[in-house]
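One structure is given below, encoded as structure tokens.
Derivation of every value follows stated rules applied to the coordinates shown; laboratory data play no part. Bear in mind that the values here come from a model prediction, so they are computed numbers and not experimental data. Backbone-built Cβ (ideal geometry, glycine too); neighbour counts: all protein chains shown.
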Amino acid sequence: MAGNTHATPPVQVLLAGRTAALVRLTCKQGMRPALLDVLNKYVDRLDEEPGTELYTLSIDPDSDNLVWLYQVFANDEAQLEHQQAPALSDLIPAMQELLDEPPAILRMSPLRMSLQETILSDNFEL
């Protein structure tokens, strides 16, 4: 049940050796639905990138022109493979015409994750 936050303790994971990136995408006025469409098509291909362990696509609640991506990679090599992946090569040209400025990328070294397992069992449909 989504509202029951005390049902089970969260899964705790140390993320040593992994890399991450927070990406801000600023789209042209009115183009966020189109940007989300191309990003969702990319997400559907993430099985081609086994080293991309987490990919979160978010919209900004305060700006109709911002989309945020949070990515966690198994290691530096996995991040390099992501950057050279055919799916990303297909995404970049489709995104460029929708963006108002280049992506802003913040590289990180994640340390720890806490995850409520209930998020994985919520009954959401794609």
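All but one of (1) polar (S, T, N, Q); (2) closer than 23 Å to Pro102 by Cβ; (3) surrounded by 11 or more Cβ atoms within 10 Å (Cβ to Cβ) hold for Gln29; which doesn't?
Going through the list (1) polar (S, T, N, Q); (2) closer than 23 Å to Pro102 by Cβ; (3) surrounded by 11 or more Cβ atoms within 10 Å (Cβ to Cβ), Gln29 breaks only (3).
When you look at Leu111, is it in contact (Cβ under 8 Å) with a residue 60 or more places away in the chain, touching a strand residue (DSSP E or B) at 6+ places or on another chain (Cβ under 8 Å) and within 17 Å of Leu25 (Cα to Cα), yes or no?
Numbers: in contact (Cβ under 8 Å) with a residue 60 or more places away in the chain: yes; touching a strand residue (DSSP E or B) at 6+ places or on another chain (Cβ under 8 Å): yes; within 17 Å of Leu25 (Cα to Cα): no.
So Leu111 fails the test.
For the range 60-70, which positions are part of a strand (DSSP E or B) and over 11 Å from Arg32 (Cα atoms)?
Within the range 60-70, Trp68, Leu69, Tyr70 qualify.
Go through the range 75-101 and count every residue that is surrounded by fewer than 17 Cβ atoms within 10 Å (Cβ to Cβ) and within 26 Å of Ile119 (Cα to Cα).
Qualifying residue count for the region: 1.
Mind checking which residues of the range 71-90 are in a helix (DSSP H, G or I) and without any contact (Cβ under 8 Å) to a residue 12 or more places away in the chain? Quick ask: steps written out before the conclusion?
If we filter the range 71-90 for residues that are in a helix (DSSP H, G or I), which is where we start, we get 76-83, 86-90.
Scanning the range 71-90 gives Leu80, Gln83, Ser89.
In the range 30-58, which residues are of a type in the set (Gly, Ala, Ser), farther than 13 Å from Tyr70 by Cα and either within 9 Å of the chain's Cα centre (by Cα) or not in a helix (DSSP H, G or I) (or both)?
Let us first name the residues in the range 30-58 that are of a type in the set (Gly, Ala, Ser), namely 30, 34, 51, 58.
Filter again for farther than 13 Å from Tyr70 by Cα, leaving 30, 34, 51.
Once the filter is applied, which keeps residues that are of a type in the set (Gly, Ala, Ser), farther than 13 Å from Tyr70 by Cα and either within 9 Å of the chain's Cα centre (by Cα) or not in a helix (DSSP H, G or I) (or both), the range 30-58 yields Gly30, Gly51.
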